[in-house]
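**Q** Below: one structure in structure tokens.
Any read-out appearing in this document is the output of simple, stated calculations on the displayed coordinates, not a laboratory observation. Being a predicted model, the structure only gives us computed values, none of them experimental. Every residue, glycine among them, receives a Cβ derived from its backbone with ideal geometry; neighbour counts consider all protein chains shown.
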């Protein structure tokens, strides 16, 4: 299992300041061989999409714990599509109730990660998606 | 909450994992504990008494017999009307203090109509964009007879100004106000993320609130120096106490720089921590913290007034020690943490609800959390005598060890160049991220036991709860509607005048901004407008992103 050569943007959209999960995942993906870029806090979907395109990433991981995941995922997908970057895989992690998962998948999220998943599971899921 | 649609590989791994049969031999902070502690292993010292320096055993001679701790549940969501209704419910259930949760736009200084705020209005707390909303939030609640705590930092001075203004309007004298604003910006840069301005003007604003409060609202705590969030972000109990005391010392230095008298303002400093699951480490963390703070103020600043040396603190039982797997187990966890908080001598306690790991509590789960405290207070008998664990060989030994380890953390920050530098460089943030990563690996590997999550699972376990909390989807629209109405009906000349005066005062380093902010609130200036005015003078914090 390796993410060698993959470029991944970890982003914090909206105003939520809980960045532990985002940082743990960023460190873990780097350990797994990926080139990881972390945006820092309070970024708009539009900014995140532009960085994703400028940095030519394979995947974007959004970290959201404020309950605004539906709006922020939809908005990020819209911004990526506007930049013709719909091929960039979108993932979302954070406090995401199970009942919202289908809706997020329909909106374009390729994977949904919560605090109780192990890091190995998260890396494996990304590996599977990005090598498909 | 986990996605249960398909069994995960690691679930199967956890189910197969050999269940632990023996306790670990070290505390989560890494202190190796002997199988038995004998009297000769405990430092020889004069018998200590509660209410006397260095306050190891507590700040009051009679513990909880004089006054029980404040039962204070964190609550607030949606519109001011809905939160007001929940507060009245909690007060009717015997809660003795309010704790206001504010939404992220209010915490970060954006009005609800700001493009970056739109999706977050009323989500994690109540939207309080102007005095008009505060008047609704506290409608029918006697501000002179209740203490109110606000978890607010970046905009703490503004919310405090709003509280003074709403008291003015209700005819409650300011000197009768009791409560707390968190107002601890240093830990926001490190862990919680609702910073707005650069570090130095933020420190000035905090000094303004403390100095103003000492004069005008002498029973109100203008700061609650918080270790809770760095703890929840991943650091150990020792680091939680160490970083918090280091921040406390930094605020003292800033206040002295502004000409404050440490003997006076130190009485108004209070603290705030998490209580996690390791029972004795938590109890000893508080005993050690009380002793060390009193010693530091005496030795470094020459403080003599015993009241100024007293380490007063509130706690949260829960946080990241609660998990979504088998969520009803969280009731037991909170019960144990509640007992540790009482044995540690907390002044106010918030017990989290069992479903708080993933949602705003329902009325049902919130009630169980309050009842937990009442059971501990009135059935368990542990509040009967002060510091009931004092004199235990193990507790005294561990208290001493914790004190030594906490002091090492403070020394390390000072060796780096102090808290402000450590925060501006992103050094502390990086250390905490690394610690969080270590903690996650220990849970993933099963070394740290989390019952129901990484050990003692069933393949078919249901991680859901029966009742889900639903935010009213129209709440945000109603907040925005009210906001626009306030903006259209207020006296805009008065708003402009009050904001201009604020701007001029902010440009001067030695002017206390609190009176200007209260004037802005009375004129119905919005939180977003006040913050934008201050940003025009001070700029914004630039987050150092280091991994």
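**Q** Nearest 10 degrees, 0 to 90: what angle lies between the long axis of helix B:475-489 and the longest principal axis of chain B (Cα atoms)?
**A** 30 degrees
**Q** Then there is this: Which FRET efficiency, nearest 0.05, do residue B:200 and residue B:411 yield, Cβ-Cβ r, R0 22 Å?
**A** 0.40
**Q** Going by how many other beta carbons lie within 10 Å of each one, how would you line up B:392, A:131, B:498, A:66, fewest first?
**A** Fewest-to-most ranking of B:392, A:131, B:498, A:66: A:131, B:392, A:66, B:498.
**Q** May I pose another question? Once you have the Cα-Cα distance between residue A:129 and residue A:2, take 0.36 nm times their residue separation minus that, and quote the gain in nm to one decimal.
**A** 44.5 nm
**Q** I need B:411, B:103 ordered by Cβ neighbour count within 10 Å, fewest first.
**A** Starting with the residue having the fewest Cβ neighbours, the order is B:411, B:103.
**Q** Could you work out the relative contact order of the stretch A:39-132, using alpha carbon pairs under 8 angstrom and six or more residues apart, expressed as a whole percent?
**A** 28 percent
**Q** Would you mind telling me the antiparallel percentage of the DSSP bridges in the stretch A:7-125, rounded to 5?
**A** Of the beta bridges lying entirely in the stretch A:7-125, close to 0 percent run antiparallel.
**Q** Between helix B:427-445 and chain B, what is the angle of the helix's C-alpha long axis to the longest principal axis, kept within 0 to 90° and rounded to the nearest 10?
**A** 40 degrees
**Q** Report relative contact order for chain B in percent, whole number only (criteria: Cα-Cα under 8 Å, sequence separation at least 6).
**A** Normalised by residue count, the contact order of chain B is 21 percent.
**Q** Sticking with the crude label model, points 7 Å out along Cα→Cβ, report the distance from residue B:49 to residue B:26 in nm, one decimal please.
**A** Label-label distance for residue B:49 and residue B:26, simple model: 4.1 nm.
**Q** Roughly how far apart, in whole Å, are the Cα centres of the stretch A:66-123 and the stretch B:159-237?
**A** What the calculation gives is 35 Å, centre to centre.
**Q** Grab the Cα-Cα distance for residue B:85 and residue B:493, subtract it from 0.36 nm times how many residues apart they are, and report the gain in nm with one decimal.
**A** 143.5 nm
**Q** Same structure again: By the gyration tensor of its Cα atoms, with a ≥ b ≥ c the square roots of the eigenvalues, what is the shape of the stretch B:119-199: rounded for a/c under 1.5, prolate for a/b over b/c, or oblate?
**A** Prolate shape, in that a/c is at least 1.5 and a/b is the bigger ratio.
**Q** If you don't mind, another one. Hey, for a label at residue A:53 modelled as a point 7 Å past Cα toward Cβ, could you say which residues of the stretch A:84-126 have their backbone N under 18 Å away?
**A** Counting backbone N atoms under 18 Å from the label point, the list is A:84-90.
**Q** While we're looking at this one, here's another question. To the nearest 0.05, how large is the calculated FRET efficiency for residue B:17 and residue B:67 if R₀ is 35 Å and r is the Cβ-Cβ distance?
**A** It comes out at approximately 0.15.
**Q** Any chance you could give the angle, 0 to 90 degrees and rounded to 10, that helix B:329-344 forms with the longest Cα principal axis of chain B?
**A** 90 degrees
**Q** Can I ask one more? Hull surface divided by four, with the convex hull built on the Cα atoms of the stretch B:417-489: how many nm²?
**A** 11.0 nm²
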